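Report on the structure given below.
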Amino acid sequence: MLLRLFVFLALCFAAAPARAQSWTPLAAPEVNQAAAAMVSVYCRIPGTQRAWVSSGVVIRSDDPAGERRGEVVITTAHGVGAYGDPSHDNCFVVGPDGAHYRVIRTFNPPTLSSSWDDWAVVVTDQPFVGPATRLPVREIRAVQGEVPVAMVGRDYANSDCHLERSDRVNDGGRLIYTHTCGSRRGLSGAPILARVDGEVAVIAINVGRLTGGAGPGQRAIARGVGDGFDAMIQRGIEASQPLR
């Protein structure tokens, strides 16, 4: 009898659907506060006086003590520019205090063949001096239809900013994520925020334009956290923690 009851309960739990995530719109003060976590990433182009410049967002670790040897920043791979290079000695991050912090570790795909490969995790040589805002990340799961988001760094008001999985645009063999927050030069790597189950977190980064124009409603590509990206974020966090 007990064995039958156990089997019945196991089947019930196995058949139960996963709890759907709750997505609710963000308020302007929340987005303004999160903007303090956005930084600029510079990577000098070898043999020139120029540099790739992209946006990035500072990530919060799960360490309750908050100890760190460096900061973890996520950005785009095309902003980093040298794929497969584990150190990127030509790159630095401009912190919230305006100082330059050298990049000592980079985690990103070895090639850039699609928008799915367009992400990078960089670790600085030391923590930022003074107060700094660091944001949690949440993996995109069960995105069905449009979910309300906000992109930090846009230069116009857009009250109808949403993210969704495209049902027709295929890149690298997968349907991409798109958003309607708008994009422009310099906003590659800008964080896309959502309130997921009551917590404001980074769920994606802006990759760039998909359609012409730069105003509200213009659809752009987003690289969602997940599918390997989240694992490399965790490796970046581990590389930034103090040696035990």
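Computed from the coordinates by the stated procedures, all read-outs in this text should not be read as laboratory data. Everything numeric in this text was worked out from a predicted model, so none of it was measured. Positions of Cβ are backbone-derived with ideal geometry, glycine not excepted, and every protein chain shown enters the neighbour counts.
A few remarks follow.
- Using a simple spin-label model with pseudo-atoms 7 Å out from Cα toward Cβ, residue 100 and residue 27 lie 4.1 nm apart.
- Cβ-Cβ FRET estimate between residue 197 and residue 69, R0 fixed at 41 Å, reported to 0.05: 0.85
- Protection-proxy order for peptides 199-207, 125-133, each taking the mean of Cβ atoms within 10 Å per residue, highest first: 199-207, 125-133
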